[in-house]
Amino acid sequence: MKRILVLCLVATLVGEHGAIAQMTPASTPDLSNKALITNAPAHLAGTPPEAAALPKLADEFYTWRNEQFPVRSSDAGLHTWDDRLTDYAPAKIAERAKYIEALLGRVNAMQTATWPKDERIDWILFRSQLEAFAFDDRVWHSTARDPQTYVGECSNGIFSLLKKEYDTPQNRAKAATARLRAMPAMLAQGEKNLAQPVKLFAQLAIASARAIDPLFTDSLMTLAKDLPPNEKQDLTTARDAALGALHDFADHLEKGLPQMVDFAPMGEKNYNDYLKRVLLLPLSAGEVEMIGRVELAHYRALEAWLPDPSLADPDPARSKNIPPDQASFLKAYESRQTGMIQFLKEKKLVTLPDYLGKFEIRQLPEAFKPTSPGGFMNPPGVYDKDPTGFYFIPTYDPKSKNFYIRAAIEDPRPILGHEGIPGHFMQLSIANHLTDEIRRQNGDNLFVEGWALYGEEMLMRSGLYPVDSASHGQVLRLARYRSARIGVDVNLHTGKWTFEEAVKYFMEAGGLDREAAEGEAAGAASSPTQKISYIIGKWQIMELLGRYRDKMGKDFRLGQFHDDLISHGSLPLSVINWIMLDDPSAVEKAL
């Protein structure tokens, strides 16, 4: 999904959910057997003691995590620590790594063979969540290698306070002032931490840092309208100091570029470990790459079957109505969702829950453009009281060469279905309402993106767009370049391709313009495995659909399959196979 707000690799890989209970900075959960058994929830009485204690252990971890990463918590709608940034002091980084190592060891030591199925699934999910943190500590080392960690902390630290009116402007402004004041020291610490900076990541961080001014000088200052003069001055002073520090950080990085390595791949072994330990995916890097090549050939050929293959390349000139300005563009984009919802209801393709909020289209802040050229989705966080979701689209330009802008002018529905309803906005809203906290916390990207991409083609094949239309062609092109993403992700991170080779592959095989291709390659480099999520997740859903159809026989109904599929939250599809088909073989293969 387009939620590539680069806080750090950990935040990207684990998801955006967290727990509410607060802990003091010095507190650490008791991981002893005695504590686990004593604190076991009463409703799990009768199950093995460790299984009954697992939810308590998980809740303690989520509480710890939320306080350790306050910007991430704000983004998820938990505003307890809105006045803080993450502490990146070396001692604190080491303390967090030690905590994760100890907790993962404790979870791995649990004897789960006799546990009931549901408790075993929760144990597997919780362990994979911990493995994501451990992977950053063991392999990726974001705090030492990726300057985007620190620039993202600044941009998201402010953006997470602005995107929703969860509190009064004055209180949000006070929180922003506190975070702004902390930024110069945090960035200075980042400079010290970056012992092995990667040139590509530094270049992306430089671009973001130098594009951040409008977020701080325009968007942020909307909170200052009614502030008392002294508080407004405090905010302005802190803002100017933070911007100065960000610009200095970018200058420092730029001076060091010649000494940095271009890119440092993790290697095939680490990539395979991540696929299995974190994603619970029963495939190797080679198998993933092969699926990508097969799907790329498939969709490239389907484009060629169009009566006019250029229909797959969005062209605003074919549109009957070209919006005159940004406001008209956003309004026209958003309005198409109504017709799509009516289509879903008439065809009985999926059930829309009553608690769904409003889905809005907004302009993409410039600070996020380097790694999210097509924009990104921001669904309601798991703690949000406001159920509204947003999709951030690049600045409108009717002459733009950007694929996403051209597609949105001609027909926004394929991307709208991906980002809104029945895609990310609806699916993640449902996931937020799960009662099992471990499953509610899980943010498996292969499921999230797989469902959204599956929805694009499902809507097309169900009759939303005319056959051989530009909308039909756009769906094929979107699937084609998502297929190309797989080759880029796997070959970049296993060390087989350079960044420029990845860009050229996106252009030649994926059919993207250079601007979109560079942004896509940058996103793939910054967030390992994120780009494989779309096609691999969709492929897994299609496989499950066929098996589910065979199981249900004459009782099969497509809408029932969709409702069942998304009712379990954002879980790995290997786990969902176990739940829906009572087949644990995929999980067993991954483990």
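The values are calculated or read from the model by the stated rules, or taken from the named source; none is laboratory data. This is a predicted model, so every value here is computed, not measured. Reconstructed Cβ throughout: ideal geometry from the backbone, glycine too, with neighbour counts over all protein chains shown.
If you check residue 434 against the conditions, is it at negative phi and in contact with a Gly (Cβ under 6 Å, 6 or more places away or on another chain)?
yes
Exactly one residue out of 242, 195 is of a type outside the set (Val, Ile, Thr) and either touching a residue at least 60 places away in the same chain (Cβ under 8 Å) or in a helix (DSSP H, G or I) (or both): that is 242. Note on the stretch 471-500: residues that are farther than 18 Å from residue 204 by Cβ, part of a helix (DSSP H, G or I) and not polar (S, T, N, Q) total 14. Entry remark, the stretch 248-285: residues being in a loop (DSSP other than H, G, I, E, B), of a type in the set (A, V, I, L, M) and in contact with a Leu (Cβ under 7 Å, 6 or more places away or on another chain) number 4 in total. Among the residues making up the stretch 180-222, those that are farther than 22 Å from residue 258 by Cα and not hydrophobic (A, V, I, L, M, F, W, C) are 181, 184, 213, 214, 217, 218, 219, 222.
Being in contact with a helix residue (DSSP H, G or I) (Cβ under 8 Å, 6 or more places away or on another chain), over 23 Å from residue 362 (Cβ atoms) and without any contact (Cβ under 8 Å) to a residue 60 or more places away in the chain narrows it down to one residue among 96, 145; which is it?
Values: 145 fails: without any contact (Cβ under 8 Å) to a residue 60 or more places away in the chain.
One residue alone meets the criteria, 96.
Just to verify a result, which residue in the stretch 521-573, among those that are among the hydroxyl-bearing types (Ser, Thr, Tyr) and farther than 30 Å from residue 152 by Cβ, is surrounded by the fewest Cβ atoms within 10 Å (Cβ to Cβ)? Among them, the one singled out is 567. Among all residues of the stretch 333-344, there is at least one that is closer than 17 Å to residue 471 by Cβ, more than 26 Å from the chain's Cα centre (by Cα) and modelled with pLDDT of 95 or more.
Of everything listed in (1) under 23 Å from residue 267 (Cβ atoms); (2) crowded, with 20+ Cβ neighbours inside 10 Å, the single unmet condition for residue 504 is (2). Within the stretch 453-470, the residues that satisfy the criterion of being buried (at least 20 other Cβ atoms within 10 Å of the Cβ) and not in a loop (DSSP other than H, G, I, E, B) are 453, 454, 455, 456, 458, 459, 460, 470.
Applying the criterion of at least 1 residues that are among the β-branched types (Val, Ile, Thr) to the helices (runs of 4 or more DSSP H) found wholly in the stretch 506-591 leaves 533-552, 558-566, 573-581, 585-590.
Quick check, is residue 395 out of contact with any Asp or Glu (no Cβ under 7 Å at 6 or more places or on another chain) and either among the basic types (Lys, Arg) or without any contact (Cβ under 8 Å) to a residue 40 or more places away in the chain (or both)? If you could, list the steps in order and put the result at the bottom.
Working: out of contact with any Asp or Glu (no Cβ under 7 Å at 6 or more places or on another chain): yes; either among the basic types (Lys, Arg) or without any contact (Cβ under 8 Å) to a residue 40 or more places away in the chain (or both): no.
Criteria not met by residue 395.
Among the candidates 475, 490, the residue that is in the same structural domain as residue 318 (by TED's automatic domain parsing), under 17 Å from residue 304 (Cβ atoms) and under 22 Å from the mean Cα position of the chain (by Cα) is uniquely 475. Checked across the stretch 103-120, the condition of being of a type in the set (Phe, Trp, Tyr) and assigned by TED's automatic domain parsing to the domain that holds residue 219 holds for no residue.
Conditions (1) farther than 24 Å from residue 573 by Cα; (2) crowded, with 21+ Cβ neighbours inside 10 Å, marked per residue:
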residue	(1), (2)
271	no, yes
279	no, yes
306	yes, no
314	yes, yes
354	yes, no
364	yes, no
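When 167, 136 are screened for being buried (at least 20 other Cβ atoms within 10 Å of the Cβ) and acidic (Asp, Glu), only 136 passes.
Select from the stretch 206-235 the residues that are crowded, with 17+ Cβ neighbours inside 10 Å, of a type outside the set (Gly, Ala, Ser) and part of a helix (DSSP H, G or I) and list them in ascending order. Correct list: 206, 210, 215, 216, 220, 223, 232, 234, 235.
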